[in-house]
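> Sharing a structure with you now.
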Amino acid sequence: MTLAAYANGSVGFTSRQFAIGDVNDVDFGQFRGGLGISANETSKINIDSPRIYGDAARFAVAGDLSQIAIGGTIRIADGLTFEVAFLSALSNSIVLFYPSEMVGGEAMSGASYQCNDATIKTNVTLPGGDIPYVGTENCTFNAIHLSPEITAIRNDIDAKLGPEIKAIRNDIDAKLGPEIKAIRNDIDAKLGPEIKLLRNFIIAVLALLTVAAVLSGFYVWRQSRR
């Protein structure tokens, strides 16, 4: 069957509350702002040989102790856009991406995976080049096509670039808040066309003085060599 959404934020297939579903040989069209597959509340969805031909926020997401397994021959159109990530695993969930063959998926826009307190396992490079979403933390990314050493280093980096970095970023955002923005806007307003023109003139003069100093030093050096 072929499935596509005409309303922003739609979901193709979803499961919840201990349900188990099988989605086989489905063509997925556009799901802008939405999801092709969603498993929540300790449920599971097996996806066999999907064909992914449209943009979406995510193709598949597992949350709240759920599992999604994707296998078979996976065909992906080139140049697709995933607003968040191609795959997402959240809240102690697992996403397995084990195709027997993967065709296409070149020049994808968006992250390869989003993973928070969860696990993603794959036997191939994910579309987009195994790039994590900016909010990924506490993630086990187990890629068997990579060496154990590289996988361990990757997971260690993901763990360390987690709560501490976010705390620092939030602290900076808090301190550079409304007061600083107001001051900056006030300065921009006062630095009108005349001031900006003067500033550019001063920069140009300083550049000329620098060039003149270099040329003068070169001339003195040449005279001393004679």
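The values are calculated or read from the model by the stated rules, or taken from the named source; none is laboratory data. Worth saying up front: this structure is predicted, and the values here are computed from it rather than measured. Virtual Cβ from ideal backbone geometry, glycine too; neighbours counted across all protein chains shown.
> Identify, please: which residue in the range 59-69 is touching a strand residue (DSSP E or B) at 6+ places or on another chain (Cβ under 8 Å) and surrounded by fewer than 24 Cβ atoms within 10 Å (Cβ to Cβ) and is, among those, nearest to T2 (Cα to Cα)?
Here is the first cut: in the range 59-69, the ones touching a strand residue (DSSP E or B) at 6+ places or on another chain (Cβ under 8 Å) are 59-64, 66-69.
After this cut, where a residue has to be surrounded by fewer than 24 Cβ atoms within 10 Å (Cβ to Cβ) as well, the list is 63-64, 67, 69.
On the way: G63: 25, D64: 28, Q67: 23, A69: 20 Å.
The selected residue is A69.
> Something else about it: Within the range 6-34, track down each residue that is assigned to a strand (DSSP E or B) and hydrophobic (A, V, I, L, M, F, W, C). Don't jump to the end; show me each part of the working.
Taking the range 6-34 as the starting set, the residues that turn out to be assigned to a strand (DSSP E or B) are 11-15, 20-24, 27-28, 31-34.
The answer is V11, F13, I20, V23, F28, F31.
> I'd like the full set of residues that are among the small types (G, A, S) and either touching a His at 6+ places or on another chain (Cβ under 6 Å) or not in a strand (DSSP E or B) (or both), limited to the range 72-113. Lay out the reasoning, then the answer.
Initially, the range 72-113 is screened for residues among the small types (G, A, S), giving 72, 77, 79, 85, 88-89, 91, 93, 100, 104-105, 107, 109-112.
Selection gives A77, G79, S91, S93, G105, A107.
> Quick one: what pairs do we get from the range 53-64, first residue of a type in the set (D, E), second surrounded by fewer than 21 Cβ atoms within 10 Å (Cβ to Cβ) and part of a strand (DSSP E or B), C-beta under 6 Å, 6+ apart or different chains?
Taking only residues 6 or more apart or on different chains, the pairs are D55/R32; D55/T81.
> When both residues are 6+ apart or on different chains and their Cβ atoms are under 6 Å apart, which pairs have a first residue that lies in the range 1-24 and is closer than 13 Å to A56 by Cβ and modelled with pLDDT of 95 or more, and a second that is surrounded by 11 or more Cβ atoms within 10 Å (Cβ to Cβ) and of a type in the set (S, T, N, Q)?
V11/S38
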